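Report on the structure given below.
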């Protein structure tokens with residue numbers, strides 16, 4: 001199964017309130033490691049130095065300090081299109097976290113927009 005399709009399947013299996021996802025990626029042809037790394041820069045993949053897996057990718061759903069799911073999907077799709085095969089393993093997920101935004105001193109229009117976008 002292509003990497004992008006596997007990633008889509010993983011995302012679809014998560015509940016709607018997931019916030020963070022950690023995945024590991026391994027490519028099968030290590031001679032193409034540098035080429036794969038140029039594609040994975042889009043999703044801030046962190047390389048492992050001495051590990052069986054090659055990269056750790058942190059994915060954020062609606063907020064957070066991680067790559068967006070569409071960016072990660074796009075990077076994996078580029079790997080598929082380049083013919084770089086590999087596998088993905090889910091290492092962790094976090095569900096039910098909420099973004100905390102200080103609203104003191106903000107105009108009512110900003111508060112309403114935040115409620116609409118964040119479903120507070």
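Quick one: work out the % antiparallel among DSSP beta bridges in the chain, nearest 5.
Around 90 percent of the beta bridges assigned by DSSP in the chain are antiparallel ones.
Between the stretch 42-93 and the stretch 16-36, what is the C-alpha centre distance in whole Å?
Centre-to-centre distance over Cα atoms comes out at 4 Å.
Give me the distance in nm between label points sitting 7 Å out from Cα along the Cα-to-Cβ direction at residue 5 and residue 32, one decimal.
1.6
Compute the helix-to-body angle for 108-118: its Cα long axis versus the longest principal axis of the chain, expressed 0 to 90° and rounded to tens.
The angle comes out at about 40 degrees.
How far is helix 69-81 tilted, in degrees, relative to the longest principal axis of the Cα atoms in the chain, given as a value from 0 to 90 rounded to the nearest 10?
With rounding to tens, the tilt is 20 degrees.
Report relative contact order for the chain in percent, whole number only (criteria: Cα-Cα under 8 Å, sequence separation at least 6).
Value for the chain: 37 percent.
Please find the FRET efficiency linking residue 106 to residue 16, where r is the Cβ-Cβ separation and R0 is fixed at 25 Å, and quote it to the nearest 0.05.
0.40
Using Cα atoms only, what is the angle between the long axis of helix 3-13 and the major principal axis of the chain, expressed in degrees (0 to 90) to the nearest 10?
The two axes meet at around 40 degrees.
Rule-based calculations on the coordinates, nothing more; no lab input. This structure is a prediction, so every number in the text was calculated from the model and none was measured. Using ideal geometry, Cβ is built from the backbone for each residue, glycine included, and neighbour counts are taken over all protein chains shown.
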